[in-house]
Amino acid sequence: MPKAARVLAALKRDGWLEVRRKGSHRTMRKVRVTQLWAHHDGEDLGNSQLRNIAGKFGYTLEELRKLL
């Protein structure tokens, strides 16, 4: 299970920018798409959470795993 910080770093490498932050809630933007990231850095993310994140950010689960 990857940590949330690792998944967030992978998203940033793929072009997502952090445009706002309040606590553990970060607003991420890529081109004209804006999404909310609301996970603590040390949190373990299971398969269902990864699937939700992948869908929310426009990836398939396999594509997100390749980014990691």
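Readers should treat all values here as calculations from the given coordinates under stated rules, not as data from a laboratory. Computed from a predicted structure; not experimentally measured. Here the Cβ is made from the backbone with ideal geometry for all residues, glycine too, and neighbour counts use every protein chain on show.
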Practice problem: Please give the contour-minus-distance gain from Thr27 to Gln49: 0.36 nm per residue of separation, less the Cα-Cα distance, rounded to one decimal in nm. | Solution: 6.1 nm
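With +1 assigned to the C-beta of every Lys and Arg and -1 to the C-beta of every Asp and Glu, and no other charges, what is the dipole magnitude of the range 4-58 about the Cα centre in debye, to the nearest 20? Before the final figure, lay out the partial values.
Details: 12 positive and 5 negative charges, 69 e Å.
The dipole magnitude comes to about 340 debye.
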Self-check item: Filtered GluC sites (Glu not before Pro), the chain: DSSP coil and at most 16 other beta carbons within 10 Å
Solution: Glu43
Self-check item: Pairwise FRET efficiency - Met1 versus Lys56, Cβ, R0 = 25 Å, nearest 0.05
Solution: 0.85
Exercise. Set the Förster distance to 22 Å, then compute FRET efficiency between Glu63 and Leu17 from the Cβ-Cβ distance, nearest 0.05.
Key: 0.70
Self-check item: Percent breakdown of C-alpha pair distances by 5 Å bin, ordered from the shortest bin, for the chain
Solution: 3, 18, 32, 29, 15, 3, 0
